[in-house]
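The values are calculated or read from the model by the stated rules, or taken from the named source; none is laboratory data. Here the structure is a predicted model, which is why all the values come from computation and not from measurement. Cβ sites come from the backbone with ideal geometry, for glycine too, and all protein chains shown count toward neighbours.
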Amino acid sequence: MTFGEQPAYLRVAGDLRKKIVDGQLPPHTRLPSQARIRQEYGVSDTVALEARKVLMAEGLVEGRSGSGTYVRERPVPRRIARSGYRPTGGATPFRQEQADGEGRGTWESSSEQSEASVAVAERLGIEPGERVMCTRYLFREGGEAMMLSTSWEPLAVTGRTPVMLPEEGPVGGMGVVERMRAIDVIVDNVTEEVGARPGLAEELLVLGGVPGHVVLVIQRTFYASGRPVETADVVIPADRYRVAYHLPVK
């Protein structure tokens, strides 16, 4: 193989991918069989099999038990807006987006005290094992699960205050900035790091998808005078949503 030349299985996968994208192989069409691929492209069984594996790993096709491999319906990605924090207005970005447009979003949550893991402790600048409030969210759009979020807040900051439970109390559900302000903690910075990875089995069970599907993971942390006061992991299905950022120009 000369420099820059693709392996045979990638060339076969690339041609089949192009046919799927161009509509020559529309959704729910059965993918050519391994024998057909071998004959049409003049390749070995191994190459044909590896090409099919590539398309399956990319989420373009799916296997149906006892029936074969079929082209998947390709969802049109929808937008999830991210705009940092809102210092005024009394609403989290998700709630504000639902109020601003014709949103049909709903959410559910549960909170419990737990001990900070090593990774969470590092993000919050505390010692592993220190007590934190862990809150898990499931966001839905039109009844469809669209986003998961798990947040952690150090109880050294919020413990025994009216905002200890993020979704309860006088400012419950108002977002980190408003809640922290209620206890005289002024949030002045937020960071978000965006990455991607295969979804965990329990995540895909809720969000929909098959093993190997990719999710976007946003690691968000709120700071008050340099001290982390909340950190969260936001998980979004990468094949169904795009994250759009609105950043103010100063």
(message) Let me spell it out: the conditions are (1) at pLDDT below 95; (2) within 26 Å of PRO198 (Cβ to Cβ), and ARG136 meets all of them except one. Which number is the exception?
(response) (1)
(message) Among the residues of the stretch 227-250, are any modelled with pLDDT of 95 or more, surrounded by fewer than 19 Cβ atoms within 10 Å (Cβ to Cβ) and in a loop (DSSP other than H, G, I, E, B)?
(response) no
(request) State the number of residues belonging to the stretch 108-141 that are of a type in the set (D, E, K, R) and in contact with an Asp or Glu (Cβ under 9 Å, 6 or more places away or on another chain). (result) 5
(request) Can you give me the number of residues within the stretch 140-169 that are hydrophobic (A, V, I, L, M, F, W, C), outside any loop (DSSP other than H, G, I, E, B) and surrounded by fewer than 20 Cβ atoms within 10 Å (Cβ to Cβ)? (result) 3
(message) Given the criteria acidic (Asp, Glu), in contact with a strand residue (DSSP E or B) (Cβ under 7 Å, 6 or more places away or on another chain) and exposed (fewer than 13 other Cβ atoms within 10 Å of the Cβ), does GLU203 qualify?
(response) no
(request) Considering only residues that are touching a residue at least 24 places away in the same chain (Cβ under 8 Å) and in a helix (DSSP H, G or I), look in the stretch 32-45 and name the one that is surrounded by the fewest Cβ atoms within 10 Å (Cβ to Cβ). (result) TYR41
(request) Out of VAL215, VAL190, VAL177, report the one residue that is part of a strand (DSSP E or B), of a type in the set (A, V, I, L, M, F, W, C), in contact (Cβ under 8 Å) with a residue 12 or more places away in the chain and touching a Pro at 6+ places or on another chain (Cβ under 7 Å). (result) VAL215
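For (1) charged (D, E, K, R); (2) in the same structural domain as LEU148 (by the TED database); (3) modelled with pLDDT of 80 or more, each residue gets a yes or a no:
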position	(1), (2), (3)
ALA48	no, no, yes
ARG52	yes, no, yes
LEU55	no, no, yes
GLU58	yes, no, yes
GLY63	no, no, yes
SER67	no, no, yes
GLY84	no, yes, no
